[in-house]
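First up is the structure itself, then whatever we jot down about it.
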Amino acid sequence: MSNLEELKDVLRMYSTHEQHPSQVDEAHAALGDDDLVVDALIWALQQNEIDLKLLALQLLQEHFADAKRAMTAVRSLISDNVDRLVRITAINTLHLMGDTSDDLVPLLTPRLRSDDAFERILSAGNLWRINRSEDAFYVLRQEAAGDDNEPAAMMARSHLDETGS
């Protein structure tokens, strides 16, 4: 792509409600790997359209995990009280991007009290990796005690196994 406006148009085109399994890969192929793509993804994360944010987060997870300069834009989505899926995907994206910054602690700590099990577990997993928070460990242990086949319990156990707890 030659300029930022063209990249924005491609992102808009691929951010649809009717997603299909290869959509993120197709968007990546259309965007390319230019440094300007990360600027376009940061722009997408700052827009109001949920599908645009989700596409940008998926691209960062699957194709641009080394795009450290997008971390600030991804972090800002953790405080998004509008859309649960955007918030949870942002929390998971930061982990996949390797963000272990202390900046995450005040963003993730309130999420330990969320009514959403996945939000609690992803936040706790990140906090446990960052600073071995006792509150995070408590959430993970409590969630891991659930039914063996329950996805939330399996995810919590995975976070504990990953950190050797």
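The values are calculated or read from the model by the stated rules, or taken from the named source; none is laboratory data. Here the structure is a predicted model, which means the values were calculated and not measured. Ideal geometry is used to build each Cβ from the backbone, glycine not excepted, and the neighbour counts take in all protein chains shown. Remember, those area values only see protein heavy atoms, side chains included, never the ligands or the DNA or RNA. Shrake-Rupley method; radii C 1.70, N 1.55, O 1.52, S 1.80 Å.
Can you confirm whether segment 73-91 contains a residue that is small (Gly, Ala, Ser) and over 19 Å from Trp43 (Cα atoms)?
Looking for residues that are small (Gly, Ala, Ser) and over 19 Å from Trp43 (Cα atoms), one finds none in segment 73-91, hence no.
Considering each residue of segment 144-165, count those that are more than 20 Å from the chain's Cα centre (by Cα) and surrounded by 15 or more Cβ atoms within 10 Å (Cβ to Cβ), and give that number.
Looking only at segment 144-165, we keep the residues that are more than 20 Å from the chain's Cα centre (by Cα), and these are 144-150, 161, 164-165.
This time we only want the ones that are surrounded by 15 or more Cβ atoms within 10 Å (Cβ to Cβ), so: 144, 146.
Summing the residues that are more than 20 Å from the chain's Cα centre (by Cα) and surrounded by 15 or more Cβ atoms within 10 Å (Cβ to Cβ) in segment 144-165 gives 2.
Residues to consider are Asp66, Asp147, Asp115; find the one that is part of a loop (DSSP other than H, G, I, E, B), within 30 Å of Ala30 (Cβ to Cβ) and not basic (Lys, Arg).
Details: Asp147 fails: within 30 Å of Ala30 (Cβ to Cβ); Asp115 fails: within 30 Å of Ala30 (Cβ to Cβ).
On inspection, the qualifying residue turns out to be Asp66.
Out of segment 123-143, which residues are under 14 Å from Asp102 (Cα atoms) and surrounded by fewer than 17 Cβ atoms within 10 Å (Cβ to Cβ)?
Matches in segment 123-143: Asn131, Arg132.
Checking Ala29 against (1) in a helix (DSSP H, G or I); (2) among the small types (Gly, Ala, Ser); (3) within 14 Å of the chain's Cα centre (by Cα); (4) loosely packed, with under 15 Cβ neighbours inside 10 Å, only one condition comes out false. Which one?
(3)
Residues Ala70, Ala40: which one is more than 11 Å from the chain's Cα centre (by Cα), modelled with pLDDT of 95 or more and surrounded by 22 or more Cβ atoms within 10 Å (Cβ to Cβ)? Write out each step before concluding.
Numbers: Ala70 fails: modelled with pLDDT of 95 or more.
The match here is Ala40.
Within segment 52-67, track down each residue that is open to solvent by 10 Å² or more (accessible area, probe 1.4 Å) and under 16 Å from Ile78 (Cα atoms).
Lys53, Leu54, Gln58, Gln61
Kindly indicate whether Asp115 is over 22 Å from Met71 (Cβ atoms) and among the charged types (D, E, K, R). Reasoning before the result, please.
Values: over 22 Å from Met71 (Cβ atoms): yes; among the charged types (D, E, K, R): yes.
Against the criterion (over 22 Å from Met71 (Cβ atoms) and among the charged types (D, E, K, R)), Asp115 qualifies.
Can you name the residue in segment 6-24 that is charged (D, E, K, R) and open to solvent by 80 Å² or more (accessible area, probe 1.4 Å) and, of all such residues, is nearest to Ile78 (Cα to Cα)?
Residues of segment 6-24 charged (D, E, K, R): 6, 8-9, 12, 18.
Filter once more, so that each one left must be open to solvent by 80 Å² or more (accessible area, probe 1.4 Å): 9, 12, 18.
Details: Asp9: 25, Arg12: 22, Glu18: 24 Å.
Looking at residues that are charged (D, E, K, R) and open to solvent by 80 Å² or more (accessible area, probe 1.4 Å), I get Arg12.
Go through (1) basic (Lys, Arg); (2) surrounded by fewer than 18 Cβ atoms within 10 Å (Cβ to Cβ); (3) touching a Leu at 6+ places or on another chain (Cβ under 8 Å) for Arg120 and report which single condition fails.
In the conditions (1) basic (Lys, Arg); (2) surrounded by fewer than 18 Cβ atoms within 10 Å (Cβ to Cβ); (3) touching a Leu at 6+ places or on another chain (Cβ under 8 Å), Arg120 misses (2) alone.
From the list Thr100, Thr109, Thr89, which residue is free of Cβ contacts under 8 Å to residues at least 60 places away in the same chain and outside any helix (DSSP H, G or I)?
Working: Thr109 fails: outside any helix (DSSP H, G or I); Thr89 fails: outside any helix (DSSP H, G or I).
It is Thr100.
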